[in-house]
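Novice: Can you keep this structure in mind? I'll have questions shortly.
The values are calculated or read from the model by the stated rules, or taken from the named source; none is laboratory data. Only a predicted model underlies this, so the values are computations on that prediction, with no experimental measurement involved. Please note: Cβ atoms are built from the backbone with ideal geometry, for glycine as well, and neighbour counts cover all protein chains shown. Each accessible area value is taken on the protein alone, full model and side chains, heavy atoms only, with ligands, DNA and RNA left out. Shrake-Rupley method; radii C 1.70, N 1.55, O 1.52, S 1.80 Å.
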Amino acid sequence: MQIPAPFEYARADTVDDAIALLARHGPEARIIAGGHSLLPMMKLRLARPEWLIDINDLFELDFVLRDGDRLRIGALTRHTTLLESTEIAALFPIVADAERVIADPVVRNRGTIGGSLCQADPAEDLATVCDVLGAEAIVRGPSGERMLTMTEFHRGAYETAVAADEVLCEVRIPIRSRSGSAYEKVERRVGDWAVAAAGAALSFAEDGTIVEASVGLTAVGLDGTVGAVTEPAPR
Amino acid sequence: MQITMTVNGTDVTNEVEPRVLLVHYIRDVLRLTGTHWGCDTSNCGTCVVLLDGQPVKSCTVLAAMADGHAITTVEGLATGGTLDPVQQGFMEEHGLQCGFCTPGMMLTARALLDVNPHPDDAEIRRAISGQICRCTGYATIVRSVRWAADHPAGMTEADAAGGDPSALDDSAGTTTDPGGAAAEAAHAIPAAQTEPEEVTA
Ligand SMILES: Cc1cc2nc3c(=O)[nH]c(=O)nc-3n(C[C@H](O)[C@H](O)[C@H](O)COP(=O)(O)OP(=O)(O)OC[C@H]3O[C@@H](n4cnc5c(N)ncnc54)[C@H](O)[C@@H]3O)c2cc1C
Ligand code: FES
Ligand code: FES
């Protein structure tokens, strides 16, 4: 029977409340979102946080919204929402491609984009998706908000630039006209983690020449980071 | 900590340790043992319950996280002794053998039909793809869910007359009563607060 080690539990009402709780309870306090990466690690005692700060009530982090030339996705947006969004599928087919093969529908009801990125498992699919799309991460802490590129965000396996007292609030993806993207994963069983996976995005000029191209790989341990992006593209 | 949630329409309040998983709270504290517990690793889906109407793997949710929310377990599928069409479908189409996966399968099926009353076979298969059945080979489960989709009001007299007349007759002694009146009584949530179980690691 797998049971986590003892910890204290608190629910945040707002992002600021979550940040205050993280600050109050120190570096052994952790955010819990969907819990589908953190709880399995706690059950195996690979993680032993002293405090869990539950952000599932933070509706302010659960949104998908088009804002000028950016698509903004709240950190608490569930995999299921990402998969079912027709707007996302139209703008970024790579997201639906990846979401279809992330875990299974029941796990996708809980897991979030924020949790996926912060977990930074080398086999995490959305990390590659965000790399390839040139996404930005909006992170908030006691001293305010900062914006990180995915290169700045990723620090290697299970490590990100999000500090112990910070919350990942949203991911912003630049919308490019005349663009396309896709994701393909090799897995042993349906819903399994990737043996390896690849994502790619292209955008074109009016005359059809490629102006930007990026390729990302999942679970192959390139440079110890989650994915590799090559850009800009050959013209 | 104290948690309060609605389980199968009844409010329950208990003192639990924050580390208690929802599956253990449901089984060991509420004594609703229709929710099964299998792999413990979020893979098999036998622990699926509905959290605010959505299937979740209760081995990977803290009871504390369900505080203030509504849970439906298999014991809550039947209403007033009448089986849910999904339960009837599993009887009609032999959707179970050992029954270990069945509660989770039926709850996922119920949630699917609530949002998509006419799923095709591919949609049914996709919906249950996070749940493992070692017995049936899934074909009869898919047929069972399709039966429920085709019979949104459950078994009608015409069905009963046209089909196996003993199918719904307990006195024939050929059927079990997985969520009906007998099960409901056996699984009634104790009204009084239950003492939390000691969690041993
Ligand atoms: C059976 C199974 C199969 C899976 N298969 C796949 C797969 O094929 N591909 C894949 O990519 N993933 C897979 N996953 C992982 C799944 O996508 C998880 O849901 C995801 O990795 C974590 O999201 P979460 O919201 O559950 O995060 P949690 O478990 O809640 O948190 C994970 C980590 O992120 C931190 N965190 C969460 N949100 C924030 C935030 N907003 N700010 C700061 N820190 C935060 C937490 O403190 C924790 O350290 C699988 C999971 C399971 C259980
Ligand atoms: S016991 Fe929860 S998924 Fe297997
Ligand atoms: S009926 Fe035995 S596991 Fe499904």
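Novice: Take A:T151, project a point 7 Å from its Cα along the Cβ direction, then tell me which residues of the stretch A:179-220 have their backbone nitrogen under 19 Å from it.
Specialist: Under cut-off, by backbone N: A:199-203, A:211-218.
Novice: Where Rh denotes the Kirkwood radius from the mean inverse Cα pair distance, what is Rg over Rh for the protein assembly as shown? It would help to have the intermediate numbers written out before the result.
Specialist: Values: Rg = 23.3 Å, Rh = 23.2 Å.
Taking Rg over the Kirkwood Rh, I get 1.01.
Novice: With solvent modelled as a 1.4 Å probe, how much accessible area in total do chains A and B shield from it at their shared surface, in Å² to the nearest 100?
Specialist: Values: alone 11550 and 9980 Å², together 19140 Å².
The summed interface area works out to 2400 Å².
Novice: To continue, here is another question. Quick check on chain A: helices-only [θ] at 222 nm, where DSSP H runs of length 4 and up contribute -39,500 (n - 2.57) each and the sum goes over total residues. Nearest 500, please.
Specialist: Values: 9 runs with 60 residues, N = 235.
The helix-only estimate for chain A comes to -6000 deg cm²/dmol at 222 nm.
Novice: I'd like the distance separating the alpha-carbon centroids of the stretch B:130-153 and the stretch B:55-123, in whole Å.
Specialist: So the separation of the two Cα centres works out to 11 Å.
Novice: Hey, another quick one. Near B:H69, within a Cβ-to-Cβ distance under 13 Å, what is the net charge of the other residues, with Lys and Arg +1 and Asp and Glu -1?
Specialist: Around B:H69, the charge tally is -3.
Novice: With +1 on the Cβ of every Lys and Arg and -1 on the Cβ of every Asp and Glu, and nothing else charged, how large is the dipole of the stretch A:59-218 about its Cα centre, in debye rounded to the nearest 20? Display every interim value, and only then the final one.
Specialist: Working: 16 positive and 26 negative charges, 40 e Å.
That gives the stretch A:59-218 a dipole magnitude of about 200 debye.
Novice: Specify the residue with the greatest mean-square fluctuation among A:S203, A:S177, A:S214, computed from a Gaussian network of chain A linking alpha-carbon atoms under 10 Å apart.
Specialist: It is A:S177.
Novice: May I ask you to derive the FRET efficiency for B:E123 and A:S143 from their Cβ-Cβ distance with R0 = 41 Å, giving the value to the nearest 0.05? It would help to have the intermediate numbers written out before the result.
Specialist: Working: r = 48 Å, r/R0 = 1.17.
In this case the efficiency is close to 0.30.
Novice: Please list the radius of gyration and Dmax for the stretch A:59-218, considering alpha-carbon atoms only, with Å as the unit.
Specialist: 15.1, 48
Novice: For the stretch B:1-117, just list the percent of Cα-Cα distances falling in each 5 Å bin from zero outward, please.
Specialist: Result returned by the calculation: 2, 12, 23, 25, 19, 11, 5, 2, 0.
Novice: Residue by residue through the stretch B:62-77, what is 3J(HN,Hα) from phi via Karplus (6.51 cos²θ - 1.76 cosθ + 1.60, θ = phi - 60°)? Round to whole Hz and write x for glycine and proline.
Specialist: 6, 3, 4, 6, 8, 3, x, 10, 10, 10, 10, 10, 4, 5, x, 6
Novice: Please return the longest range in chain A lying between exposed loop sites, taking GluC sites (Glu not before Pro), DSSP loop only, at most 12 other beta-carbon atoms within 10 Å, and leaving the sites out. Could the numbers behind the result be given before it?
Specialist: Details: sites that count: A:E28, A:E206.
The segment A:29-205 is the longest one with no such site.
Novice: Then there is this: Suppose the chain between A:V195 and A:A90 were pulled fully straight at 0.36 nm per residue; how much longer would it get relative to their current alpha carbon spacing? Let's see the in-between values first.
Specialist: Details: separation 105, 0.36 × 105 = 37.80 nm, distance 2.73 nm.
Contour length minus the Cα-Cα distance gives 35.1 nm.
Novice: For the stretch A:178-218, run through the chymotrypsin sites (Phe, Trp or Tyr not before Pro) and keep only the ones in DSSP coil with at most 13 other Cβ atoms within 10 Å of their Cβ.
Specialist: Details: sites: A:Y183, A:W193, A:F204; in loops: A:W193.
Answer by residue number: there is no such site.
Novice: Using the Karplus curve 6.51 cos²θ - 1.76 cosθ + 1.60 with θ = phi - 60°, what ³J(HN,Hα) values do you get for each residue of the stretch B:21-32, in whole Hz, with x for Gly and Pro?
Specialist: With coefficients 6.51, -1.76 and 1.60, one gets 7, 4, 4, 6, 4, 5, 7, 8, 8, 7, 6, 8 Hz.
Novice: Please give, to one decimal in nm, the separation of the simple spin-label points placed at B:A70 and A:A161, each 7 Å out from Cα toward the Cβ.
Specialist: With each label placed 7 Å out from Cα toward Cβ, I get 4.4 nm.
Novice: Could you list which residues have their amide H under 5 Å from that of A:D54, counting only those 5 or more apart in sequence or on another chain, with H placed in the peptide plane?
Specialist: Distant-sequence amide H within range of A:D54: A:A10, A:R11, A:A12, A:I32.
Novice: Let me ask another. Among A:L83, A:C118, B:C101, which residue has its Cα furthest toward the positive end of the charge dipole of the protein assembly as shown, with +1 on Lys/Arg Cβ and -1 on Asp/Glu Cβ?
Specialist: Checked the options; the winner is A:C118.
Novice: Please list, ordered by chain and number, the residues whose modelled amide H lies under 5 Å from the amide H of A:A197; skip anything fewer than 5 residues away on the same chain.
Specialist: Counting only residues 5 or more places away or on other chains, the set is A:V186, A:T218.
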